[in-house]
Amino acid sequence: IGEVLVADEHQPDAQARAVKIGEVLVADEHQPDAQARAVKIGEVLVADEHQPDAQARATKRGVAKQNASKVQVMMYAIIEDGGRQYKVEEGQVIEVDYRDVPSGQSITFERVFAVRDDQGLRLGQPTLNGANVTAEVVGAMQGPKLVVQKFRRRKTMRRKTGHRQIHTRVKISKINA
């Protein structure tokens, strides 16, 4: 049937419910008639799990995006800020630790661990030299309310306070690799 078969983890008869994708067989988890619901992207067929009009949703699981009948790789970077790592793409809005920067100004993230683009995946050891990510500050915002309760048994001591952490919302404008 093909060269590779990815088994369905819920059904033992996944061979009968496989979809031919070029020379690769991928089992559809939900529908036996997934052959009719496959989408052509360049030269690769990607099976949609739920919808027959999968042309618009074909980028849900992979890194391929249909653009003028050629396969284009989505560019992303993995950056660090405030001891946490973020996977970012151009145009994405993320929340980072609070910085006293007015809205509209740009900030640069220098610690870039990995970049994926049309040349492939490049990993740093630990960071990539010369790579940075530029973002525009959208504004400051408060996070969800955290309730802090202090209690000591048999002492009639109860304290209830709340806390809302302030974050800075930024929009990724450019990934320089």
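Read-outs: derived from the displayed coordinates by stated rules, not from any lab. Computed from a prediction, not measured in an experiment: that's the story for all the values here. Positions of Cβ are generated from backbone atoms using ideal geometry, with glycine treated the same way; all protein chains shown enter the neighbour counts.
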When you look at Arg164, is it farther than 21 Å from Glu95 by Cα and out of contact with any Ser or Thr (no Cβ under 7 Å at 6 or more places or on another chain), yes or no? no
Can you spot a residue in region 146-167 that is within 22 Å of the chain's Cα centre (by Cα) and part of a strand (DSSP E or B)? yes
Kindly establish whether Gln165 is more than 18 Å from Ala77 (Cβ to Cβ), polar (S, T, N, Q), surrounded by 11 or more Cβ atoms within 10 Å (Cβ to Cβ) and touching a strand residue (DSSP E or B) at 6+ places or on another chain (Cβ under 8 Å). yes
